[in-house]
Amino acid sequence: VDNDNVVAYTIMALVYMQGAEKNKSRLDFAKLLLEEGKKKNDKYAPLFNAWGLLHMLRANVGQALEQFRRAVELDPTFTEARMNVAQVVLSFRKYDEAEEHFSNVLKQKGISSDQRYDATVGLAVALRGKERIDEAATRYAEAMKLIPERGDAYFNMGLLWKDFKTNDADPEVNKTAYLKAKSFFEQYVAKVGAVGDKSKDAKDYIYDCYKVVAQLEQGIEMMKNLPPPPPEVPASQPQQTANPSP
């Protein structure tokens, strides 16, 4: 009916991408549709975002990022494309750029709760990468309040406590930090069960924290049973000698 409808080409390409893990030939059809859509309109941001998704499915991450960035350039308010850029650069540890895109998404009006949640957690990961630990923790806490039933913020908060809050000289402080980390990992498992993509890692971290806490408690008890240090002996004062007679 409308051979110039770039929206239809884009959506149909996305449909062909579904199920491509079982039938790779679907990606070839998607590519043909996107190429045809580009001939009709090479300024349509969702088309380039779809190109990026196609490259991701083919494990061409660099080319995917290029297409996602093009989509954002064409439409700076295109939330999905910004999120895709942010997630890719975050995996490359480009924390400044990731922070910029996640922050931009959070400033936009009308985004869904899930988009706000994902952007908040992503921003926290970027801040953690920049060692702005307290700010990251605040963002994780915001995400927990936003959608309490989701587990990503709990898992990442556990990592924050385990990796960044356990380097104190006081073993009691470290013990408290490991217990907090363990608690967040346990809450993650309780929320997602065995279906969570990080469930196995979370269970491993719970066991690791348990072992470290046991070792710290043993060390703390040993320190309590150590004999008190001997009293300090004042340093002897040098004796003054009379000046010899001239």
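The values are calculated or read from the model by the stated rules, or taken from the named source; none is laboratory data. The structure displayed is predicted, hence computed values, not measured ones. Here Cβ is always computed from backbone atoms with ideal geometry, including for glycine, and neighbour counts include all displayed protein chains. Note: accessible area is taken over every heavy atom of the protein model, side chains too, but ligands, DNA and RNA are not part of it. Shrake-Rupley method; radii C 1.70, N 1.55, O 1.52, S 1.80 Å.
Key figures for this structure:
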{"quantity": "Any helices (runs of 4 or more DSSP H) falling wholly within the stretch 1-103 and containing at least 1 residues that are without any contact (Cβ under 8 Å) to a residue 40 or more places away in the chain and basic (Lys, Arg)", "calculated": "25-40, 61-74, 79-91"}
{"quantity": "Residue within the stretch 102-119 that is buried (at least 16 other Cβ atoms within 10 Å of the Cβ), over 10 Å from the mean Cα position of the chain (by Cα) and within 20 Å of Phe164 (Cα to Cα) present", "calculated": "no"}
{"quantity": "Residues of the stretch 120-143 that turn out to be among the aliphatic types (A, V, I, L, M), under 18 Å from Asn167 (Cα atoms) and either within 10 Å of the chain's Cα centre (by Cα) or not in a helix (DSSP H, G or I) (or both), as a count", "calculated": "1"}
{"quantity": "Selected residue (criterion: nearest to Leu123 (Cα to Cα)) from residues of the stretch 134-156 that are in contact (Cβ under 8 Å) with a residue 24 or more places away in the chain and of a type in the set (D, E, K, R)", "calculated": "Asp152"}
{"quantity": "Qualifying residue in the stretch 157-178 (condition: polar (S, T, N, Q), farther than 25 Å from Thr138 by Cα and exposed (fewer than 15 other Cβ atoms within 10 Å of the Cβ))", "calculated": "no"}
{"quantity": "Hey, Leu226 modelled with pLDDT under 95 and under 30 Å from Ala153 (Cβ atoms) or not", "calculated": "no"}
{"quantity": "Lone qualifier among Arg132, Arg93 - being under 30 Å from Lys43 (Cα atoms), at pLDDT 95 or above and open to solvent by 50 Å² or more (accessible area, probe 1.4 Å)", "calculated": "Arg93"}
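For every residue, the table says whether it meets (1) surrounded by 21 or more Cβ atoms within 10 Å (Cβ to Cβ); (2) modelled with pLDDT under 95; (3) among the small types (Gly, Ala, Ser); (4) within 24 Å of Ser25 (Cα to Cα).
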residue	(1), (2), (3), (4)
Asn49	yes, no, no, yes
Leu54	yes, no, no, yes
Ala59	no, yes, yes, yes
Gln63	no, no, no, yes
Glu73	no, no, no, no
Glu80	no, no, no, no
Ala86	yes, no, yes, no
Glu97	no, no, no, no
